[in-house]
Amino acid sequence: MREIVLINITGEDRPGLTAAITGVLARGGVNILDIGQAVIHNTLSFGILVEIPHSAKASSVLKDLLFTGYELDQQVRFTPVSEADYQQWVGGQGKPRHIVTLLTRKVTAEQLQRVSSITAQYGLNIDHIDRLSGRMPLDTPDERGKGCIEFSVRGEPADPAALRAEFLSVAQELNVDIAFQQDTIFRRNRRLAVFDMDSTLIEAEVIDELAKAAGVGEQVAEITERAMRGELDFRASFKERLALLKGLSEEVLADIGSGLRMTEGAEFLFAELKRLGYKTAILSGGFTYFARQLQEKLGIDYVFANELEIVDGKVTGVAVEPIVDAQRKADLLRQLTEQEGLRLEQTIAVGDGANDLPMLAIAGLGVAFRAKPLVKQSAKQAISTLGLDGILYLLGYRDREGRD
């Protein structure tokens with residue numbers, strides 16, 4: 001006869017503890033069925049599910065464990081597990097797994113309670129909870145904080161759309177971001193990341209800045225806003241706005257370019273993507289002139305944007321084909337994916353406007369970044385609370401992996 005026992009060990013963490021515990025089990029000829037360990041603030045929580053092949057040895061092995069635990073100042077608890085319960089547990093290993101990621105400036109108990117309640121409501125069981133963000137000093141201002149908690153959950157929600165809608169509602173209420181994605185082999189194996197430029201990589205819509213210099217700022221800004229909300233066709237609105245820039249002096253471009261601010265987290269994100277072996281691209285309905293400046297600063301591999309035609313030092317106001325619109329962005333993503341020998345599941349697409357939705361929809365990870373409500377609701381994932389480097393958390397990235 002054999003016995004199956006769950007062993008829980010808690011106490012102050014110390015070097016050699018795992019070796020001492022498993023040493024006792026090794027001498028008893030024990031088989032390990034499952035094992036997990038976590039350390040929070042130097043306090044260990046260690047669980048081992050074991051099979052003791054011969055019942056006659058069980059009492060001796062468990063007694064030796066209690067003695068070793070006492071010597072190491074650890075609390076040891078045993079829970080018998082029936083073979084029927086074990087077989088039921090084994091049978092559940094094929095259930096789908098998902099990752100729920102909470103992004104916030106400061107993690108609170110209310111946020112965790114709301115997220116965990118929703119997962120339970122939809123029949124998802126939490127297997128692991130991990131903190132991906134770094135340790136934050138107590139006096140860190142809220143606006144500079146960065147918190148990320150990752151939940152690994154098991155099961156399949158009956159209504160994924162309703163689950164996502166509820167997560168989005170809570171995220172807006174609590175001013176956090178909540179991502180829900182399948183835990184697949186591709187999650188940490190993505191290799192191509194493409195980005196919109198205006199209001200994504202930079203904190204401005206360049207065409208609006210050009211319009212201000214041309215004295216038509218209000219007219220163009222109103223058209224831009226409607227286009228980004230999805231109320232106007234991008235191609236038509238682009239041509240209409242560009243026509244209003246006719247006659248603008250080329251000298252203005254350099255001044256505007258030098259004043260553009262990169263979005264929070266952009267530099268760190270691209271440095272890490274490059275370190276991790278990613279190829280990166282700008283797919284923008286903006287202008288190549290400014291995209292090339294960003295390419296140089298961030299080390300971006302590819303740039304696809306619209307040409308700003310200039311004749312005799314003046315902007316002509318004529319759109320140069322092909323215009324990078326919503327469909328072209330999606331086509332370019334497919335083209336780059338094939339060129340790099342990848343699958344679409346290995347890609348990331350990030351944007352803020354309605355013209356980004358087609359590429360967000362086909363990417364393995366589509367992220368609406370600080371986006372308009374329509375875009376936020378339609379995209380697979382959304383980030384509004386943190387900077388661009390928050391995207392790394394959706395890949396399972398831990399701050400300690402890149403920050404000293």
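The values are calculated or read from the model by the stated rules, or taken from the named source; none is laboratory data. Just so you know, these numbers come straight off a predicted model, no measurement behind them. Cβ sites come from the backbone with ideal geometry, for glycine too, and all protein chains shown count toward neighbours. Accessible surface is based on the protein model in full, side chains and every heavy atom, while ligands, DNA and RNA are left aside. Shrake-Rupley method; radii C 1.70, N 1.55, O 1.52, S 1.80 Å.
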**Item:** Viscosity 0.692 mPa s, 37 °C: Kirkwood-radius Stokes-Einstein D of the stretch 279-403 over Cα pairs, µm²/s
**Value:** 209 µm²/s
**Prompt:** Of all the C-alpha pairs in the chain, what % are more than 38 Å from each other?
**Reply:** 35 percent
**Message:** Can you give me the angle between helix 160-174 and the longest principal axis of the chain, using Cα atoms only, in degrees from 0 to 90, rounded to the nearest 10?
**Reply:** 80 degrees
**Fill in**
Per its Cα gyration tensor (rounded if a/c is under 1.5, else prolate when a/b beats b/c, else oblate), the stretch 268-315 is best filed as prolate
**Item:** Simple spin-label estimate for Ala19 and Ala165 in nanometres, 7 Å along Cα-Cβ
**Value:** 5.7 nm
**Request:** Kindly express, to the nearest 10 degrees and within the range 0 to 90, the angle between helix 266-275's C-alpha long axis and the longest C-alpha principal axis of the chain.
**Result:** 60 degrees
**Helix axis angle, 17-27 relative to the chain longest principal axis, alpha carbon, degrees** = 50 degrees
**Prompt:** With a ≥ b ≥ c the root eigenvalues of the C-alpha gyration tensor of the stretch 144-190, is it rounded (a/c under 1.5), prolate (a/b larger than b/c) or oblate?
**Reply:** oblate
**Complete:** Applying the gyration tensor rule to the Cα atoms of the stretch 1-145 (axes a ≥ b ≥ c; rounded if a/c under 1.5, else prolate if a/b exceeds b/c, else oblate), the class is oblate
**Item:** All-pairs alpha carbon distance profile, the stretch 124-221, 5 Å steps from 0, percent
**Value:** 2, 8, 10, 13, 17, 15, 12, 9, 6, 4, 2, 0
**Request:** Under a cut-off of 16 Å between alpha-carbon atoms, report the aspartates and glutamates in cross-link reach of Lys57, not counting same-chain residues fewer than 8 places apart.
**Result:** Glu3
**Complete:** Excluding residues fewer than 8 positions from Lys146 in its own chain, the lysines with Cα under 18 Å of it are Lys106
**Fill in**
Residue by residue through the stretch 368-379, the couplings from Karplus 6.51 cos²θ - 1.76 cosθ + 1.60 with θ = phi - 60°, in Hz, x for Gly and Pro, are 7, 9, 6, 8, 5, x, 4, 5, 4, 6, 8, 6
**Asked** Considering the stretch 161-286, what Rg and Dmax in Å follow from its alpha-carbon atoms?
**Response** 18.5, 53
**Message:** Filter Lys63/Lys95; Lys297/Lys329; Lys212/Lys380; Lys297/Lys380; Lys314/Lys372 down to the pairs with a C-alpha to C-alpha distance above 31 Å, please.
**Reply:** Lys63/Lys95; Lys212/Lys380; Lys314/Lys372
**Spatially proximal aspartates and glutamates relative to Lys279 (Cα-Cα < 18 Å; intrachain offsets below 8 disregarded)** = Asp196, Glu267, Glu296, Asp301, Asp331, Glu338, Glu340, Glu345, Asp389
**Message:** Need the full-extension length gain, Lys314 to Arg188, defined as separation in residues times 0.36 nm minus the C-alpha distance. One decimal, nm.
**Reply:** 40.6 nm
**Request:** Obtain the nm distance between the two label points defined at Arg2 and Glu218 by a simple spin-label model: each point lies 7 Å from its Cα along the Cα-to-C-beta direction.
**Result:** 8.0 nm
**Stokes-Einstein D for the stretch 231-317, Kirkwood Rh over Cα pairs, 4 °C, 1.567 mPa s (µm²/s)** = 88 µm²/s
**Sequence of Tyr278, Tyr302 from largest to smallest accessible area, 1.4 Å probe** = Tyr302, Tyr278
**Request:** At 0.36 nm per residue, minus the direct Cα-Cα distance, what do Asp64 and Arg97 gain on full extension? Give it in nm, one decimal, please.
**Result:** 8.2 nm
